[in-house]
Amino acid sequence: MGIRVILPREYPLVVGDTFQLFYTGVVEAPNPYAYDILSLCEIGAHFPRYFECTPDRPGEYPLTVRVYDAGKALLGEGVTMLKVRERPVTPKDLVHVLCIGDSLTAGGVWPAEAYRRLTGRYGTPTGDGIENIRFIGTRTKDGAGYEGYGGWSYDTYSSPGSDTVPSPFYLDGKLDFRAYCEKNGYPRIDIACIFLGYNAIADFRRPEAADHAAYIEKARSFVDALKAAYPDVCVRLLGLAMPSWNGGMGTSYGAVLPYCDRYGFVRYINGLELAYQAWTADPAYRDFLGHVSTAGQFDCENAYPEIHKAVNTRCMRAERFQTNGVHPTADGYLQIADAVYRDLVGVLESFR
C-alpha cells in the first residue's frame, strides 16, 4: 500500500520567520496519523503534527518527509528544498501587486496581511517596513487593494461577470488587463497572485495532474491574456488549502457529492498541486509563472470555525466540531497570507 506525499519543488522561507509544514496538508490519507510520519532536515525540528523551522541564515536545505507503517516499512516519501532568503529590501521602483480570488479573497484578509508583513512596522510577526509596494484593486482592506468575489472562477473573471457584479477585467467585450489598469489609474501590473479553484469542481475523481487539463487550459488563457498585456508580469498561482478536518464539510455541504467527500477533496487538491507543478515547469512559462503551495502551510485541524457539540444525542459531553468546510477563521486566512508573504520575498529579489 503506497501513500503519496505531495510536496512542491521548494518552499521559500525567510530568515527569522517561523515556517510550519503540517502533515495533514502533504500526506495523502484519510487519517495521516494512522501512520508513522518522520521529517528529516539539517535545520528545524520534527514534531507529531508538523515540521517547524525558524531559520537564522540564508541557504538551501533539503527536507524529506517519510511515511512508515507500524513495522517501519516505508509507504511513501517526499523531498523538497527549503530555500531561505534574507528579509526583503525596498525595491528601486514602485511594484504593483494584484491579488485575485473568490470567496476566500472577498474579505481581503490574506492580501491585507501579506501587504502588512511587507510594508508595516507593527503587528505580529512584525512587518518588514519596506516601501515601494502597492497592492492594487478596486476592493480594499487596510490599505491593500485586491479583486475577490464569492463563487467566482476563471470563467467568471473571463466573462461579463456574475448577475450582480461585472468582471473588473472584462471590458468592451473582451478580457483586457490594460483597460482595467487605465480605467482605475494603475500604471501596470508587476505581480499577480491568483487564488482560484474552489468553484470549478465537478467531481473529485481528479487525483493526477492530467485530470486537471481542462481547468489548466482556462487558467492558461487567463494568464496568457495578462502576460500579453504586461510582458514583464510575474504570476503566482496559489494552491488550495485543505478542507475542514472535523465536521465542516458535513455542516456546509450535507451528504451531497462532491463537496461532502473530504478525502476526495484532498485528492483533488493534490492533483491540482501536481498540475500546477507541471505547468510552472513548462519552459514557456517557468520564467514568470510560479506556484505557492498553500496546503502544507495551512493547519486544517485548527483553522476553521468551530463549536463544542454533544458527542451524541443522548450524551451531553462535548467535543470540538468545525462548522465550515472551506472558509477558515481569521487565523486560517493569516496562514495563507504567510505563505504568500514568503513567496513574495523571493519574487521581490528581481525588483531590487
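Some observations on this one:
- With R₀ set to 45 Å, the beta-carbon distance separating Arg57 from Asp282 gives a calculated FRET efficiency near 0.85.
- Based on C-alpha pairs under 8 angstrom that are at least 6 apart in sequence, the chain has a relative contact order of 18 percent.
- Candidates Ile189, Ile307, Ile133, ranked by Gaussian network fluctuation over the chain, Cα under 10 Å, top entry: Ile307
- Computed over the range 87-351, the convex hull of the alpha-carbon atoms projects to a mean area of 15.2 nm².
- For the range 115-195, applying the loop criterion from DSSP together with a ceiling of 13 other beta carbons within 10 Å to the GluC sites (Glu not before Pro) yields Glu131.
- Sorted by Cβ density within 10 Å, fewest first, the residues Arg286, Arg342, Arg117: Arg286, Arg342, Arg117
- Loop-located GluC sites (Glu not before Pro) in the range 1-88 (DSSP state other than H, G, I, E, B) with a sparse environment of at most 14 neighbouring Cβ atoms within 10 Å: Glu42, Glu86.
- Residues in the range 208-220 carry Karplus couplings, in order, of 10, 4, 5, 5, 9, 4, 5, 5, 4, 5, 5, 5, 5 Hz; the curve used is 6.51 cos²θ - 1.76 cosθ + 1.60 with θ = phi - 60°, and Gly or Pro positions show x.
- Total lysine pairs whose alpha carbons fall under 20 Å of each other in the chain (8 or more apart, or interchain): 5
- Projected label points at Thr138 and Tyr33, each 7 Å from Cα along the beta carbon direction, are separated by 4.6 nanometres.
- Among the trypsin sites (Lys or Arg not before Pro) in the range 21-109, those located in a DSSP loop and surrounded by at most 10 other Cβ atoms within 10 Å of their own Cβ are Lys72, Lys92.
- His96, His308, His46 arranged by Cβ crowding within 10 Å, fewest neighbours leading: His308, His46, His96
- Backbone phi angles across the range 66-73, fed through the Karplus curve with coefficients 6.51, -1.76 and 1.60 (θ = phi - 60°), yield HN-Hα couplings of 10, 10, 10, 8, 5, x, 6, 7 Hz in residue order; Gly and Pro are listed as x.
- Karplus-derived 3J(HN,Hα) values for the range 275-280, using 6.51 cos²θ - 1.76 cosθ + 1.60 with θ = phi - 60°, are 5, 5, 4, 5, 5, 6 Hz; glycine and proline are entered as x.
- Modelled FRET efficiency - R0 56 Å, Asp93 with Asp203, Cβ distances, 0.05 increments: 0.75
- Computed over the chain, the per-residue total of -39500 (n - 2.57) for DSSP H runs of n ≥ 4 gives a 222 nm mean residue ellipticity of -7500 deg cm²/dmol, rounded to 500.
- Alpha carbon convex hull of the range 4-84, projected area averaged over orientations, nm²: 4.8 nm²
- Computed extension gain for Arg9 through Ala210, at 0.36 nm per residue and net of the alpha carbon distance, reaches 70.5 nm.
- Fully extended contour minus Cα-Cα distance, from His46 to Ile307, at 0.36 nm per residue: 91.0 nm
Every number in this text was worked out from the coordinates using simple rules, so none of it is lab data. All values derive from a computational prediction rather than experimental measurement. Here the Cβ is made from the backbone with ideal geometry for all residues, glycine too, and neighbour counts use every protein chain on show.
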